[in-house]
1. Consider Met343 carefully, then state whether it is crowded, with 16+ Cβ neighbours inside 10 Å, more than 16 Å from ligand 2 (Cβ to nearest atom) and modelled with pLDDT under 95.
2. Please tell me if Gln718 is among the polar types (S, T, N, Q), under 30 Å from Ser467 (Cβ atoms) and in contact with a helix residue (DSSP H, G or I) (Cβ under 8 Å, 6 or more places away or on another chain).
3. Kindly provide the set of residues from region 462-477 that are at pLDDT below 85, within 12 Å of ligand 3 (Cβ to nearest atom) and part of a loop (DSSP other than H, G, I, E, B), ordered by number.
4. Report, by residue number, each residue of region 703-750 that is in a helix (DSSP H, G or I) and of a type in the set (Val, Ile, Thr).
5. Just one of Ala656, Ala713, Ala666, Ala647 is out of contact with any Leu (no Cβ under 8 Å at 6 or more places or on another chain), in contact (Cβ under 8 Å) with a residue 60 or more places away in the chain and buried (at least 17 other Cβ atoms within 10 Å of the Cβ); which is it?
6. For Gln483, only one of the following conditions fails: (1) assigned to a loop (DSSP other than H, G, I, E, B); (2) among the polar types (S, T, N, Q); (3) closer than 30 Å to Val652 by Cβ. What is its number?
7. Looking at Ala131, Ala177, Ala145, which is the one that is within 32 Å of the chain's Cα centre (by Cα), modelled with pLDDT of 85 or more and either outside any helix (DSSP H, G or I) or more than 30 Å from His234 (Cα to Cα) (or both)?
8. When you go through (1) more than 13 Å from Gly326 (Cβ to Cβ); (2) more than 25 Å from the chain's Cα centre (by Cα); (3) surrounded by fewer than 22 Cβ atoms within 10 Å (Cβ to Cβ); (4) not charged (D, E, K, R) one by one for Gln212, which number turns out not to apply?
Amino acid sequence: MEGKYANIIVDISHEKVDRPFQYKIPEPLREKIGAGSCVRVPFGAGNKEIKGYVIEITDRAEFDTEKLKEISAIEEGAVSARANAIRLAWWMKTTYGSTMINALKTVLPVKKETKRLEKKTVKRLVDKSEAVLLCEQAKAKRQTARYRLLKELTEAEELPFALVSGKLHISSSTITAMEKQKIIEVQRENYYRNPVKIKGQQTEKKRLSPGQQNIVDTVLSDYEKGNTGTYLIHGITGSGKTEVYMGMIEGMVQKKKACIVLIPEIALTYQTLLRFYKRFGDRVSVMNSTLSKGERFDQFERAEKGDIDVIIGPRSALFTPFQRIGLILIDEEHEGSYKSETMPKYHARETAEEIARMHGASVVLGSATPSMEAYYRARHGEYRLFTLKERLTGGTLPAVHTVDLREELKSGNRSIFSVKLKELLQERLERKEQSMLFLNRRGYAGFVSCRACGLVMKCPHCDISLSEHKGGRLVCHYCGYEQPSVKQCPSCGSKYILGFRAGTEQVEELLKKEFPEARVLRMDADTTRKKESYEEILSAFANQEADILVGTQMIVKGHDFPNVTLVGILAADLSLAANDYRAGERTFQLLTQAAGRAGRGELPGEVVIQTYQPGHYSIIHAANQDYEAFYEAEEAYREMLLYPPAAHMMAVQITAAEENRGEKLAEMLSEKIKAEQKNIAEEGEAKAAVIGPAKAGIGRINDMFRYVFYVKARQYTQLIRIKDELEEVLFDMQLKRETVQFDFDPIHAF
Ligand code: ADP
Ligand code: ZN
Ligand code: ZN
């Protein structure tokens with residue numbers, strides 16, 4: 001691009017310099033520099049040379065040209081940051097409130113020189129029929145690891161070593177032994193870092209059902225007509241969504257368009273990846289947190305060069321710099337991990353839509369329990385909705401029993417296992433089938449509830465569960481409302497009104513007491529601190545090394561366990577009483593997912609949901625597996641209290657080194673908005689509401705004090721305007737010891 005001046009963002013993460021600076025482009029560089037170039041520029045009084053990104057080339061000088069400095073050089077070796085990425089960063093900055101540098105760091109791959117890695121591959125040396133034979137022998141001898149590996153090797157001639165040792169979980173001693181017997185060979189080569197390498201076995205395509213085919217055809221033909229947009233596939237697990245994704249990807253690849261497939265990291269199982277590899281061979285690549293920075297960068301480079309067509313990965317795979325994207329797929333779109341927890345706090349769904357707009361691409365979302373946001377948009381005609389109702393894998397839906405824990409208490413059972421659950425657990429132990437017990441602690445924050453009538457203490461203003469604090473006060477983390485703790489239930493008068501405490505460790509102990517013969521495995525944040533232990537525990541359970549698996553929400557994802565015929569949800573109330581407005585939605589999702597774990601194989605499954613609130617709509621509709629009924633009820637609630645998606649909400653999160661300064665800042669900022677909204681209201685426009693400020697859910701981390709307030713408005717643009725105004729105020733204040741972050745339509749508690 002020709003032009004005399006470049007507007008440049010410099011690489012210093014500080015609000016003071018978070019605006020473009022203009023530089024002159026020296027004559028010899030003019031042809032080489034464009035939006036997205038990485039350059040070196042003199043900066044500040046000392047003219048220290050630093051890195052910067054060009055966001056715009058222009059012929060118009062903004063200052064006295066005499067005073068403008070010149071670009072020193074083009075940064076050699078650096079990726080020329082693509083103009084699209086820069087535009088995207090700008091969009092993120094303005095939409096989510098963040099510095100430009102943080103936005104750029106999110107969207108641009110960083111070049112890090114790392115040494116070329118050695119590529120290891122496990123290759124089968126025997127022919128296929130012999131492998132089948134050996135596989136059967138291993139099965140008969142109960143050599144489970146050997147069996148697992150041989151089973152995969154009957155289908156594929158070679159497998160990446162990382163998959164064999166990682167997801168398949170085969171130990172090095174097994175591999176060495178099999179190498180000695182000349183069944184396999186481990187090949188080592190210096191390779192352009194490609195984490196995927198499975199050669200030459202295209203699996204047969206499934207003939208799609210009419211419902212599946214219709215989705216693929218509609219999305220592809222809409223695309224052909226330039227009629228792109230966002231689609232939502234609502235389909236239970238096993239209804240064939242992944243098969244549909246692959247059909248669409250194939251169509252796009254034929255059109256020479258690239259596809260991005262987002263899958264939450266926890267659901268990126270070996271089985272899922274293998275299905276993609278087998279279908280698309282080395283045109284597909286994967287991105288996940290186990291890749292080194294170098295490998296990650298190589299994936300980006302391969303995508304940019306057009307060496308791959310498909311990338312699979314979590315949220316960050318969105319920023320893969322393909323030249324021409326045709327389709328972005330987001331599986332399990334309701335997952336909280338699609339929202340970034342650091343600045344910019346972007347949501348992958350909206351960001352995907354923005355990227356799709358730039359490329360003229362389409363976005364396809366899939367879920368068994370769509371987020372309220374996605375379903376709301378589908379209902380209001382913004383997204384096109386498809387529904388897949390049948391499970392293609394066979395297996396019947398499990399029978400669900402809801403147990404009323406208030407009744408258990410009345411009849412004298414104070415154990416955390418109801419009579420029904422004990423009975424069914426006993427049955428499973430006798431029949432040598434497996435059970436999973438699930439304690440949904442996500443979002444759990446010390447709420448108080450009545451064991452006799454189920455009442456949960458809630459904020460009278462926000463309808464959010466109050467959290468119990470030391471010193472016996474009950475606090476709302478939205479608006480700051482406080483009241484003393486109660487000794488008696490305000491509804492039924494019972495004195496069994498208590499804080500709810502239960503941990504997986506405790507459950508494990510009680511199980512051992514109740515069923516001394518049972519083999520129990522536990523999975524929670526404590527037992528999975530090491531990266532592999534998550535897979536280890538799941539593999540052990542899959543190999544039937546235990547009868548009962550106890551765990552937090554981590555156990556409801558990933559692996560299929562055909563021998564699991566009972567799932568127990570110990571206290572559905574835990575997530576129901578989480579102190580944010582998504583509690584009902586999360587509970588419905590967790591219960592549906594957990595229930596879906598029972599009866600995956602040939603044996604029919606049963607589910608027990610234990611709760612003090614059997615009448616709550618999230619529980620009733622989850623037990624009936626009725627998404628639409630749940631959606632209707634939840635939408636009414638969101639409409640009534642103006643929570644997203646009925647409206648939009650911005651959290652303003654303040655962190656301060658000194659308590660009183662943090663509190664004052666929160667007061668000052670929120671008062672400013674309140675005053676302004678009052679004027680607006682007088683002019684007759686729709687008003688934004690300010691809630692709080694309050695001490696954050698976690699009031700203090702690392703000796704930094706945290707405050708939050710919320711702004712609710714019908715229109716997102718209203719919130720952006722308010723954010724921009726706050727940013728200006730903050731810019732003038734030049735705060736050093738306080739930070740302010742914005743979170744739009746928050747998912748993660750602050
Ligand atoms: P989801 O992604 O919705 O959980 P999958 O695409 O994984 O569903 O499909 C579930 C199972 O059904 C898989 O084993 C898949 O191979 C199989 N399947 C999907 N579509 C078909 C089809 N049209 N014909 C036969 N089997 C299918
Ligand atoms: Zn009560
Ligand atoms: Zn409140």
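The values are calculated or read from the model by the stated rules, or taken from the named source; none is laboratory data. Owing to the predicted nature of the structure, the values given are computational and were not obtained by experimental measurement. Cβ: placed from backbone, ideal geometry, glycine included. Neighbour counts: every protein chain shown.
1. yes
2. For Gln718, the condition - among the polar types (S, T, N, Q), under 30 Å from Ser467 (Cβ atoms) and in contact with a helix residue (DSSP H, G or I) (Cβ under 8 Å, 6 or more places away or on another chain) - is not met.
3. Correct list: Cys462, Asp463, Ile464, His477.
4. Step one: of region 703-750, the residues in a helix (DSSP H, G or I) are 716-733.
Passing the criteria: Thr717, Ile720, Ile722, Val729.
5. Ala647
6. For Gln483, the exception is condition (1).
7. Result of the check over Ala131, Ala177, Ala145: Ala145.
8. Of everything listed in (1) more than 13 Å from Gly326 (Cβ to Cβ); (2) more than 25 Å from the chain's Cα centre (by Cα); (3) surrounded by fewer than 22 Cβ atoms within 10 Å (Cβ to Cβ); (4) not charged (D, E, K, R), Gln212 misses just condition (3).
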